[in-house]
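Everything on this sheet refers to the single structure shown next.
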Amino acid sequence: MSTKRKDPLARMSIWAHLQELRTRLARALVGIGVCSIVGWYLYEPVMSFITSPLTQLHGPQINFQTIGAAFDLKLKVAVWIGTFLACPWWIYQIGAFIAPGLRKREKLYILVFGVAGVILFLAGALSGIWVAPKAVHVLQSFVPAEGVSLLSAAQYVSFYTRLVLIFGLSFLLPEILVLLGFLNVVTAKSLLKAWRWVTLFAFIFAAIANPLPSPWPMTLQALVLVSLYLLAVLIVWIREKMIARKHRPRANYESKTKNGAVPSK
């Protein structure tokens, strides 16, 4: 078997990889840009949803501090909406970039990775949408009764959108580990050895990303991330066992042939 067949990545130089990465990034950004046009027209209902936690409090108000602040905010929210609408496209670009390093049969898994990636990303985003209003209510509860809460529109929307986006991306990390396992960059054993560090970083990330003062939402998010990590380790381990089982009969046959137990043809 040739070196190219053993290692499909060997056919591509580092420069070719960088060019391929640039192409995939450009395509992903174009997809987000196109979907941002749709997001521009969805701005009003989405903005109403984002500011609904403030509306329920009947106190805090957002203000636009510069003459162009409203336009800038609408553009940012449109891109944020476009990122979610285009998630099947840019997640596919990640899989397409990694596909050359997979075996021919394993390239069928790209579709599975793509669907799972979209589901994980949206599930993480939904958890962020669930946390954000609670965080707004808790943080605004510290405003004294005689005080007036005038929030910068840009800062409030940035807080909300970043929180949701970070939650969504955090749920994609286990799938990236599975892809690295399929590329033989990491093994199930090496991933499992790092479980203590992963658990520590999961709780640190959850503490930073979760603005609620209560420890329970943070703990729940950290446990979900650790569970997804362990699921990724399990998938990589199952794949390694399947490959080892597949190559074991061939190795036994070659060993018997070499020892003369099986007549060579």
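The values are calculated or read from the model by the stated rules, or taken from the named source; none is laboratory data. Just so we're clear, the structure is a prediction, and the values are computed from it rather than from any experiment. Cβ atoms come from the backbone with ideal geometry, glycine included; neighbour counts cover every protein chain shown. Only protein heavy atoms, including side chains, enter the accessible area calculation; ligands, DNA and RNA are left aside. Shrake-Rupley method; radii C 1.70, N 1.55, O 1.52, S 1.80 Å.
The HN-Hα couplings worked out from phi for region 148-165 by the Karplus form 6.51 cos²θ - 1.76 cosθ + 1.60 (θ = phi - 60°) are 10, 9, 10, 9, 5, 4, 5, 5, 5, 5, 4, 4, 5, 5, 5, 4, 5, 5 Hz, whole numbers, x standing for Gly and Pro.
For region 182-198, backbone phi angles converted through the Karplus equation (6.51, -1.76, 1.60; θ = phi - 60°) give residue-by-residue couplings of 5, 8, 6, 6, 10, 10, 4, 5, 5, 5, 5, 4, 8, 5, 5, 5, 4 Hz, Gly and Pro being listed as x. Kirkwood radius, region 114-157, all distinct C-alpha pairs, inverse of mean reciprocal distance: 12.8 Å. Across region 202-212, rounded Karplus estimates of 3J(HN,Hα) from the backbone phi angles (6.51 cos²θ - 1.76 cosθ + 1.60, θ = phi - 60°) give 5, 6, 5, 4, 5, 5, 6, 6, 9, x, 6 Hz, Gly and Pro being marked x. Ligands, DNA and RNA aside, residue 227 has an accessible area near 70 Å² when probed at 1.4 Å. Taking amide hydrogens as modeled 1.01 Å from N in the peptide plane, which residues meet the under 5 Å criterion relative to residue 151, leaving out close sequence neighbours? Long-range HN contacts for residue 151: 61, 62, 63.
Remark on region 19-164: Rg and Dmax equal 19.0, 67 Å (Cα only). Distance between the modelled labels on residue 116 and residue 196, one decimal in nanometres: 2.8 nm (7 Å Cα→Cβ projection). With all protein chains in place and a 1.4 Å probe, the accessible surface of region 168-249 carries 78 percent carbon and sulfur.
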